[in-house]
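One structure below.
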Amino acid sequence: MTRSGVRSRTSKAVLALRHDIVSALLRADADLYAHISPGVAANRVINDPHNAVTSIAGALTTLLRDGATLIGLMVYLFWLDWQLTLVSLVTVP
């Protein structure tokens, strides 16, 4: 997947989240607006979706990178000595 494809998908996800938040704010009771200021509401609409998508993207990147490292190390250990690797895997967890 190219960088522009990833940016496009994250932008669409942020836009969808913002749309959902604005829809929820429009349906909210008037009591909500007595407790929060307009600046806080605008901040939630603008920043929260971006922060959520950024966090999820970072977590996925870390998961893929660490998963690839684990698979590579396991392949290397099996290549070195498959019997010792199996014994290690049975006794370690």
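Which of (1) open to solvent by less than 70 Å² (accessible area, probe 1.4 Å); (2) farther than 30 Å from Thr85 by Cβ; (3) more than 17 Å from the chain's Cα centre (by Cα) is the odd one out, the single condition Ala68 does not satisfy?
Of the numbered conditions (1) open to solvent by less than 70 Å² (accessible area, probe 1.4 Å); (2) farther than 30 Å from Thr85 by Cβ; (3) more than 17 Å from the chain's Cα centre (by Cα), the odd one out for Ala68 is (2).
All but one of (1) surrounded by 12 or more Cβ atoms within 10 Å (Cβ to Cβ); (2) over 15 Å from the mean Cα position of the chain (by Cα) hold for Leu73, so report the exception by its number.
Failing condition for Leu73: (1).
Could you please find all residues in the range 27-58 being farther than 17 Å from Ser11 by Cα and open to solvent by less than 90 Å² (accessible area, probe 1.4 Å)?
So the first thing to find is which residues in the range 27-58 are farther than 17 Å from Ser11 by Cα, and the list is 27-43.
Across the range 27-58, the qualifying residues are Ala28, Ala30, Leu32, Ala34, Ile36, Ser37, Gly39, Val40, Ala41, Ala42, Asn43.
The values are calculated or read from the model by the stated rules, or taken from the named source; none is laboratory data. Keep in mind it's a predicted model, so treat the numbers as computed, not measured. A quick note on method: Cβ atoms are made from the backbone with ideal geometry, for glycine too, and the neighbour counts reach across all protein chains shown. Only protein heavy atoms, including side chains, enter the accessible area calculation; ligands, DNA and RNA are left aside. Shrake-Rupley method; radii C 1.70, N 1.55, O 1.52, S 1.80 Å.
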